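Here's the structure we're looking at; comments come further down.
Just so it is clear, none of the values below were taken in a lab; they were calculated from the coordinates. Just so you know, these numbers come straight off a predicted model, no measurement behind them. Positions of Cβ are backbone-derived with ideal geometry, glycine not excepted, and every protein chain shown enters the neighbour counts.
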Amino acid sequence: MASVELKNVTKVYDNQVVAVKEASLEIKDREFAVLVGPSGCGKSTLLRMIAGLEEISEGEILIDGKTVNDVPPKNRDIAMVFQNYALYPHMTVFDNMAFGLKLRHLPKTEIKQRVMEAAEILHIKDYLDRKPKALSGGQRQRVAVGRAIVRKPKVFLFDEPLSNLDAKLRVQMRIEINRLYNRLNTTMIYVTHDQVEAMTMGTKIVVLKDGVIQQVDSPLNLYNNPVNQFVAGFMGSPAMNFICGEIQQNGDVQFISELLKFEIPEPVLNKLKDYNRKSILLGVRPENVLLANSVSGDIYSVPQKIAVDVVEPIGNEIFLYFRDSKQNYCMRMPPEHIYACGDTIEVVLNLSKIYFFDSETGYRLA
Amino acid sequence: MKKFGLILLMSLVAFGVLLPILWMFDTSLKTMIETAHLPPRWIAPEMSLQAYVDMFNFLPFARYTLSSLITASATTVLTLVIGSLAAFALSRFVFRGKHLFLLVMLLSQMLPGSSIIIPFFELIRDLRLFDTHVGLILVHSAVQLPFVIWLLYGFFRTIPQEVEDAALIDGCSRLEALFRVLLPLALPGLGATAIFAFLGSWNEFFFALILTSSDATQTIPVGIGLFVGEYLDVWNQMSAAAVLFSLPPLVLFLLVQRTFIKGLSAGAIK
């Protein structure tokens, strides 16, 4: 059990590509931190630097308060689970799990006890004599997790461990890893490109883009208070709608776009005062676009007629898409409503849950 | 019909390859006079295994065999040890001049042996290693090594980096990871490479001819060459020797071919 701290960590590869840029981050003891971002954002590189598999170009990494920049992976007391399992194909499941313990010269009885315990937790007791090639993908990943937990390390590292599994198994393993976290109560760092995995597993989420940490926060804070357009668009599915428009002041202050026009609510007015007659991005999550006749109150915008472009019934809800000359927008609604392509509906926005971003920098304004 | 054509073509190729070997075997069973018979015939009136006995009296083949075994085995071990360390570094690290190094090794394979024999000869003579096993082993190893490194480099690259990473995290040093995880996984490749190195040395004639001069160090290919005398060509004994000494490589190949056909690294990753 340990904390992990990164101080201005930078990674520059030999070909001058900057994979991670001045990342600073504190992961507390027993925290489940998820590094999330699109592919190529540097999240795996960051994890590999924490593991000691990748050299740190600049900055400092501390595990349990000690600088580990020059400590080889084997002495960092960490365990790692890889996307492609990375089992030792020439060893049985038992030996795969026992390998790290044998290298550390633990007594035989203890090795056996720890492996059996892990096999019990992960339901792989029946396969201990098999070689990895005789196992399914899900079983292999359990062995890989088992190999990590028998070591009882200070920190667990997961590098997209579920990406190679099919959708159903992925959900199941997600729950199991969550359960494992509650049971082991150890620091875990988990890398994924899947924002659903990030939201459901992490107690702390680190969003990365182009090697730069964008925001570090709890799942719900990240969802409700994104610091910029990238984080807002990355977390949540279907993604937040971004509507390009302009602020105009003719008596009252209004947001005007191709499809929408509404009065900007009092609380945010102040923050947008520099943007009069300038273009600005409005962000609205699909669940905050609502049918006009289903709600009433002054937190909603004036009803607006809109033509339905595409209907996606999911079963428990329906996604409706409409579009302007540039892009698509999405709203989600309960499944009772039945609409067809081309229908005109009246929608309102929940103005207490809208966001404004600078259209050039992407920074959140309000 | 297409299949029939293919079988016919393959049979022709096989016949072409096997014909000299069959003729060699046939000749080894004949008497010396019969080998000069015109026109040559497959079935001679008198056929025996006498040549196989006589060859050992004509030339010291027990000594040659020992020399061949020593040279080929030592060359195999030496090239495999150096080759696997080099291939490991080449497949796992990025360093300046890596591609140039690989290229130069490849280019070295394009030099004909006769163009480098004189420097080799001088080097070995100056090191006082002329007519010694050590001298021949060093030269054979030098000649085999580039190809061995290339072969092993290819095999190591097929082993996923993550398996090695896992070993490093599990508690291995770089070298432990090489010996405990990478090499066992590269076993089929090592086997294939070992056979290549062994046969390369076992069959090598030219360097062995130039760098050795006494019965104690000459190898089998050189020994077989000595049958071609000034006045007398003992074709039947020469063939008998050739048949006999093609057997070890053949047996070796049959023994290990199963290991390297079997994909040992199946199951490491998805």
Each residue of region B:78-90 in order: what ³J(HN,Hα) in whole Hz does its phi give by Karplus 6.51 cos²θ - 1.76 cosθ + 1.60, θ = phi - 60°, with x for Gly and Pro? 4, 5, 5, 5, 5, x, 6, 5, 5, 5, 4, 4, 5
Given +1 on the Cβ of Lys and Arg, -1 on the Cβ of Asp and Glu, and no further charges, what dipole in debye does the protein assembly as shown carry about its Cα centre, rounded to the nearest 20? 1080
Ordered by residue, what ³J(HN,Hα) values in Hz, to whole numbers, does region A:276-289 give under the Karplus form 6.51 cos²θ - 1.76 cosθ + 1.60, where θ = phi - 60° and Gly and Pro are x? 4, 6, 10, 6, 8, 9, 9, x, 9, 6, x, 7, 9, 9
Could you derive backbone 3J(HN,Hα) for region B:141-149 from the dihedral phi with the Karplus parameters 6.51, -1.76 and 1.60 (θ = phi - 60°), listing whole Hz in sequence and x where the residue is Gly or Pro? 5, 4, 6, 7, 3, x, 5, 4, 4
Using modelled backbone amide H atoms (1.01 Å from N, in-plane), which distant-in-sequence or interchain residues come within less than 5 Å of A:SER3's amide H? A:ASP29, A:ASP64, A:GLY65
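Just tell me, in residue order, which DSSP H segments of chain A are both 30 angstrom or longer along the helix axis (alpha-carbon based) and at least 1.0 in mean Kyte-Doolittle hydropathy.
Taking the DSSP H segments of chain A (at least 30 Å long, mean hydropathy at least 1.0), we get none.
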Ranked A:PHE234, B:PHE156, A:PHE242, criterion: other C-beta atoms within 10 Å, fewest first: A:PHE242, B:PHE156, A:PHE234
Taking amide H atoms as placed 1.01 Å from N in the peptide plane, list the residues 5 or more away in sequence, or in a different chain, whose amide H sits under 5 Å from that of A:VAL9. A:ALA23, A:SER24, A:GLU60
Neighbour counts of other C-beta atoms within 10 Å: give me A:ARG364, A:ARG142 arranged from fewest to most. A:ARG364, A:ARG142
Taking only Cα atoms of region B:55-265, what ratio of Rg to Rh do you get with Rh as the Kirkwood inverse-distance radius? 1.04
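Rounded, prolate or oblate: pick one for region B:1-85, where a ≥ b ≥ c are the square roots of the eigenvalues of its C-alpha gyration tensor, a/c under 1.5 means rounded, and failing that, prolate if a/b is larger than b/c, else oblate.
oblate
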Search the structure for amide H atoms under 5 Å from the amide H of B:VAL234, placed 1.01 Å from N in the peptide plane, and list their residues when 5 or more places away or on another chain. B:GLY229
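Please state the charge dipole magnitude for region B:24-97, taken about the Cα centre, from unit charges on C-beta atoms (+1 on K and R, -1 on D and E), reported in debye and rounded to the nearest 20. Before the final figure, lay out each step's value.
Values: 5 positive and 4 negative charges, 114 e Å.
Taking the Cα centre of region B:24-97 as origin, the dipole is about 540 debye.
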Give me the log10 of I(q) over I(0) for the protein assembly as shown at q = 0.10, 0.12 Å⁻¹, as the Debye formula computes it from C-alpha points; what are the numbers? -1.01, -1.21
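Under 1.5 on a/c is rounded, so check that first for region A:39-83, then, if it is not, pick prolate when a/b is larger than b/c and oblate when it is not; a ≥ b ≥ c are the square roots of the alpha carbon gyration tensor eigenvalues.
Working: a/c = 2.09, a/b = 1.29, b/c = 1.62.
Oblate is the answer for region A:39-83, as a/c is 1.5 or above yet b/c matches or exceeds a/b.
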